[in-house]
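Accompanying notes for the structure given below.
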Amino acid sequence: MQKNPNNPIGVFDSGVGGLTVLKEIIKELPDENIIYFGDTARVPYGPRSSDTVVKYTFQSINFLLEKGIKAIVIACNTASARSLEKARERYNVPILGVIEPGARTAVGTTKNSKIGVIGTEGTIGSKAYDNFMLKSNSELEIFSKSCPLFVPIVEEGWSDTDIAYLTAQKYLLELRKTGIDTLVMGCTHYPLLNNTIQKVMGDEVTLVNPARETAKDLRELLEKEEMLNVSENSPYFRYYVSDQPSKFIKIGEQFLNRKIEKIEMIEIQKY
């Protein structure tokens, strides 16, 4: 593990969705330097095989390690579900995923023990959220639904459009009928659809954004390891993508409410 507290945190996702995690990390840890990698050439990870997702995860971590990062956040639910344990076994650096923090929050939020989980095919198929929540409380009823079209809708910048609303209705009306009172947005892209999802589900359903809890867990980890940035310099943010960056910049700036200036396209396959 790198022992320099001023080294950056590495964050990666299959695309732009992980910026929902980055946004929460910046709120929770405003003094930290951050390097973000979005694997925009290979998004989405959801429909891909476990072996492929593990391969992509390792390539992303290898790239970030070259940048001297002190901790890694896998800001992708599919990669967290399929690769987190393997990555922790392989690499000597603290690695956090987004599933455990989100699952823990959902268990603590529900009043009627009925929880919904939405995510990519890969995340839902892995039952990673279900397994973690049922370990905490075996009496829970969990209703899962994959929503594969949500990722491309977000990537196209169509989050608050009729297309998004009609798609959400098609996916979520069945879930609404189950009587859940808590819904985990189990894909980092989905908080960008927060307003649309809330409108379809109704105000009586609490939406859980795992990104917030992940940022809190990261703070705890860095405090425990005495790795909080102590430099008086302004923090820096650097972005890397595996495909042409123009669309990433457009959506990313909208969501982060800040300019994305230092961005570079890389060949991730060579890692």
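The values are calculated or read from the model by the stated rules, or taken from the named source; none is laboratory data. Remember, it's a predicted structure, so these values are computed and weren't measured experimentally. Please note: Cβ atoms are built from the backbone with ideal geometry, for glycine as well, and neighbour counts cover all protein chains shown.
Pairs under 8 Å by beta carbon, first residue under 15 Å from Leu173 (Cα atoms) in the stretch 110-123, partner of a type in the set (Asp, Glu) and in a strand (DSSP E or B), six or more apart or different chains?
The qualifying pairs are Ile115/Glu141.
Looking at the stretch 127-146, can you tell me whether even one residue there is under 18 Å from Gly97 (Cα atoms) and among the aromatic types (Phe, Trp, Tyr)?
Looking for residues that are under 18 Å from Gly97 (Cα atoms) and among the aromatic types (Phe, Trp, Tyr), one finds at least one in the stretch 127-146, hence yes.
Report those helices (runs of 4 or more DSSP H) wholly inside the stretch 100-186 carrying at least 2 residues which are over 26 Å from Ser49 (Cα atoms). Explain how you work it out, then say what you get.
Values: elements: 121-126, 128-136, 150-155, 162-177.
Because the criterion is at least 2 residues that are over 26 Å from Ser49 (Cα atoms), the helices (runs of 4 or more DSSP H) in the stretch 100-186 that meet it are 162-177.
Filter the stretch 32-83 down to residues that are at pLDDT below 95, part of a loop (DSSP other than H, G, I, E, B) and over 23 Å from Pro245 (Cβ atoms) and give me whichever is nearest to the chain's Cα centre (by Cα).
Result: Pro47.
Would you mind stating whether Ile142 is over 27 Å from Glu264 (Cα atoms) and either modelled with pLDDT of 95 or more or among the acidic types (Asp, Glu) (or both)?
On the way: over 27 Å from Glu264 (Cα atoms): yes; either modelled with pLDDT of 95 or more or among the acidic types (Asp, Glu) (or both): yes.
Criteria met by Ile142.
If we keep just the residues of the stretch 187-196 that are of a type in the set (Ser, Thr, Tyr) and outside any loop (DSSP other than H, G, I, E, B), which is modelled with the highest pLDDT?
Restricting attention to the stretch 187-196, the residues satisfying the condition of being of a type in the set (Ser, Thr, Tyr) are 188, 190, 196.
So of that shortlist, the ones also outside any loop (DSSP other than H, G, I, E, B) come out as 190, 196.
Details: Tyr190: 92, Thr196: 96.
Among those that are of a type in the set (Ser, Thr, Tyr) and outside any loop (DSSP other than H, G, I, E, B), it is Thr196.
What are the residues in the stretch 124-155 that are within 23 Å of Leu173 (Cα to Cα) and among the aromatic types (Phe, Trp, Tyr), if any?
Tyr129, Phe143, Phe150
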